[in-house]
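Read-outs: derived from the displayed coordinates by stated rules, not from any lab. From a predicted model like this one, the values you see are computed outputs, not experimental measurements. A quick note on method: Cβ atoms are made from the backbone with ideal geometry, for glycine too, and the neighbour counts reach across all protein chains shown.
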Amino acid sequence: MLGLFKRKFLSRKRILTSVPWRNERVQESRDLHGGLLLTLPRGEAGRDRILSLFLALPRQRTFAIEEMGEWVWRRCDGKHTVDDIAHLGAKKWSVGLQTARQAVFRYTGILVKRGLLSIEVKK
């Protein structure tokens, strides 16, 4: 049973060569100020179904994405690797490559945890 909850840790190289892509269930819209809103319907199975037995859960979750986050989101298209996005970001934001890698890695990790992105890890 404990094996089900073990986290799999990936090497830095495997993370950088992984390819993020957007969840096709995510709907995009704009707020009153033009900011990007990402809306994800809750699932009918798994954790959401169990929680809905005890809690009144909203049918969807909406996330406000700021300008830099939208830039990263647009490049998570299933074609660019995390490292590709970091290289492009380093040029766009005029920061060092390591700084851009850390920012892209952290941000994509947040989006994965929230169910907005998936990551294909190259072997």
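Just a few scattered comments:
- Computed from Cα positions, the angle between helix 97-113 and the longest principal axis of the chain comes to roughly 10 degrees.
- Fewest-first ranking of Arg75, Arg30, using other Cβ atoms within 10 Å as the exposure measure: Arg30, Arg75
- From phi via Karplus (6.51, -1.76, 1.60), per-residue ³J(HN,Hα) for the stretch 69-81 in Hz, x at Gly/Pro: x, 5, 4, 5, 3, 5, 8, 8, 10, x, 10, 8, 7
- Over the chain: helical MRE at 222 nm, DSSP H runs n ≥ 4 each giving -39500 (n - 2.57), nearest 500: -12500 deg cm²/dmol
- Links that overshoot a 24 Å alpha carbon limit, given the list Lys13/Lys113; Lys92/Lys113; Lys79/Lys113: Lys92/Lys113
- The calculated FRET efficiency for Leu55 paired with Gln27, based on their beta-carbon distance and R0 = 22 Å, is about 0.45.
- Structural descriptor for the chain: relative contact order 36 percent, calculated from alpha carbon pairs under 8 angstrom and at least 6 residues apart.
- Whole-percent pair-distance distribution, where bins are 5 Å wide, for the alpha carbons of the stretch 13-95: 3, 12, 18, 16, 16, 15, 11, 5, 2, 1
- The angle between the Cα long axis of helix 82-93 and the main principal axis of the chain comes to about 60°, on a 0 to 90 degree scale.
- DSSP-assigned coil residues among GluC sites (Glu not before Pro) in the stretch 50-123, each with at most 10 further Cβ atoms within 10 Å: Glu66
- Integer Hz, Karplus 6.51/-1.76/1.60 couplings in order for the stretch 116-122, x for Gly and Pro: 7, 10, 10, 10, 9, 8, 6
- Full-extension gain in nm, Thr62 to Val112, via 0.36 nm per residue minus C-alpha separation: 16.6 nm
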